Amino acid sequence: MIKIDSSKLTGANTYFTDFENRILTTDRNGQGFLKNIERSLKILLLTKNNIICPVSSLTSEFAYNFFKNNPVLLRQSLVIPAFESDKNSYIDIFSSVRIPQNLKKEMISFYNENTNIAIKSEVKSDSGWFFESFLNSVKNKGSIINARISDLSEEITDLSIIKLENYKVHDLKTIDNFSKNVSVNLTPTLNNYSEQLSHMSGARSLNCESSRYYKYFIDYSLPNLKKNKTFLSGIQIFWKLFIEIIYEMLNKPKIPVDLIDKLTFEDILYLKQPILNNEFINDYNQLYYKSVFSLLDNNSNNILHNVEELLMFKHRLEFYFDEIFTKELEHYFMKNTVINSNGFFKNTIKYGIGVIPLNNIVSGGTGIFTELKAAYFNISQNFNNANSVNTYDNNLEKAVILLVDMVRGFNSDNKLTLFEIFDSIFNSITYKVLV
């Protein structure tokens, strides 16, 4: 087993935690849960270079059976386990796992035989960052979590916050205890929010994007953005929306669910070859870096230049996705006709800068690019019918319209050119004329 330092990861890397025991015990619903994991992994594998999962999540019997049935995921490093700095082997990982000894030996042997590449992280999962972010969010009256708490006609008292500050251990269990003591009504909300931050903490320590999200905390809704009910500046809202639209357009192909289910992971390995070359990785990195630079650039006169650069990298990346979603999948369709497709499946992205205030993210210790990468959330979406696809496209249209309204209010000499660009984007979603 070869171990690679997480700091060396480049390209599109996603942190995947759906095998963790905590999630399995709350979300599992038999075969439906298994099918959702398979679909999520397949669509992520078609659009991302690497999927990284914490090695601790492989210790459940559910995860073991999944990988035993799909050993290609480990053998071909489609899913790469990540070891924290104090764990050197699977023996170390399983030392504290309470399962029968014969099963433990069987699982260790399987993982040792099938894991070719692993990630080593010199940064232990950052409980300090996680706890500080949670504490700052509950203290900040304008935060997303407090907005959600207010919607429930509840509040966190100053005394409760003082008690939270005095906790000695800063982990999820501590937050669970805090949540139970604050209010029974708030326990699910606070626990879900802490789960989101915990996931971001893991992603950030491994130089990855996030994959798991909770809809109430992923970001601000379009109505909130339109009414400026956020703690983001106008130009930050602009870049949040524009960057998300760029990625939406990049991942525009919606694959029939029937086809996703028919594809094996061996098929996925073959289909994803176009995004494994260095040119794709370099272009993806450049799109990501430019996204971060744009988000931090508060000068409205630079908008046109930044927009054009982002679109340039998007067009380059579309070439590789076209190889997968048009040429390769069309060829697969011809060989394996999919009949009676009832739905569509795709991977999209949200930029979760609303989850944590930017000043919290920027002040982190691992560097601005790594900090913000963890605020990218890959969202697996299942469209059940054509109407749900149309609703999704309508939301994209509304986002573009909001961007145009915002540009009208900016002090910029390039408004007409920006209107032309957004009109083109709008027309790629719909045939309507925007301005």
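Indicate the gyration tensor shape class of the range 1-115 (rounded, prolate or oblate), computed on the Cα atoms with a ≥ b ≥ c the square roots of the eigenvalues: a/c under 1.5 is rounded; otherwise a/b larger than b/c is prolate and the rest oblate. Since a/c reaches 1.5 but b/c is at least a/b, the shape of the range 1-115 is classed as oblate. Projected onto its three principal axes, the C-alpha set of the range 40-101 covers 36, 26, 18 Å, listed from the longest axis down.
Of the accessible area of the range 55-119, computed with a 1.4 Å probe over protein heavy atoms only, carbon and sulfur atoms account for 44 percent.
Restricting the range 43-134 to trypsin sites (Lys or Arg not before Pro) that sit in a DSSP loop and have at most 16 other Cβ atoms within 10 Å of their own Cβ leaves ARG98, LYS124. Among the GluC sites (Glu not before Pro) within the range 125-157, not one is in coil by DSSP while having at most 13 neighbouring Cβ atoms inside 10 Å. Computed from phi, the 3J(HN,Hα) profile of the range 42-52 under the Karplus parametrisation 6.51, -1.76, 1.60 (θ = phi - 60°) reads 5, 6, 5, 5, 7, 10, 10, 6, 9, 10, 10 Hz, with x in place of Gly and Pro. For the range 85-187, the solvent-accessible area with a 1.4 angstrom probe is 57 square angstrom per residue.
The values are calculated or read from the model by the stated rules, or taken from the named source; none is laboratory data. Predicted, not measured: the structure shown is a model, and the values here were computed from it. We place every Cβ from the backbone using ideal geometry, glycine too, and count neighbours over all the protein chains shown. To get the accessible areas, we keep the full protein, side chains included, count just its heavy atoms, and leave off ligands, DNA and RNA. Shrake-Rupley method; radii C 1.70, N 1.55, O 1.52, S 1.80 Å.
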